[in-house]
1. Between Asp78 and Arg181, take the C-beta separation as r, use R0 = 30 Å, and let me know the FRET efficiency to the nearest 0.05.
2. Projecting each Cα onto the charge dipole of region 127-192 (Lys/Arg +1, Asp/Glu -1 at the beta carbon, about the Cα centre), which of Ala142, Ala129, Gly175 comes out farthest on the positive side?
3. Would you kindly state how much longer the chain becomes between Asp61 and Arg174 on full extension, computed as 0.36 nm times their sequence separation minus their alpha carbon distance, in nm to one decimal?
Amino acid sequence: MNGDPAGTGATSPLDHADDRIVAGRAADGDVAAFAVVVRRYTPMMRATTRRMLNGSAEVDDVVQEAFVTAWQRLPELDDPGKVRSWLMRIVGRKALDRLRANRPQVSVDDIAAPAPARESPQRVVEGRAGVEALAAALGTLADAERECWVLREVGGLSYDEIGEAMDTPVTTVRGLLARARKHIIVRMEGWR
């Protein structure tokens, strides 16, 4: 599903349209508009889900389930301009359901950029050990704290967007993030 079914390199006007227009048309049953939403947000949803599910093979399944749910519930979306945070809330809940079913373990292997080849083996080993220590610290957080931290630090969402994604007041988001950051700082003290 792309904006160029003939493969000519042309794009659909929907590809450049505002979220409010695209999501509004998708809510009215426009499959092409929903395809634009899928293309636009799949990478972010996969990245967030990958971090929440420890990079498991279930990432694509969770994202696909989230889009199925979104397609079914899109007419319920009050503000089509907020489709991004709404999708993140859906995929976050689907990922949390998987975490709860599979005992939570979060890996941050993908967060750290791979070391350039010119770095010494010692630096590479130290970097990997640091990533493992961060993964262990994240693994000990409560689910809500871990989800908040991943949405903020990896997904780059604002406090308001995280609140919408988690269906949580912004004040609670601030508290969850503060606890998560404090916990990680304490656990990572040896890496300063």
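Readers should treat all values here as calculations from the given coordinates under stated rules, not as data from a laboratory. These numbers come from a predicted model, not from an experiment. Please note: Cβ atoms are built from the backbone with ideal geometry, for glycine as well, and neighbour counts cover all protein chains shown.
1. Details: r = 32 Å, r/R0 = 1.05.
Taking R0 as 30 Å, the efficiency between Asp78 and Arg181 is 0.40.
2. With unit charges placed on the Cβ atoms, the residue in question is Ala129.
3. Extending this stretch completely gives an extra 37.7 nm.
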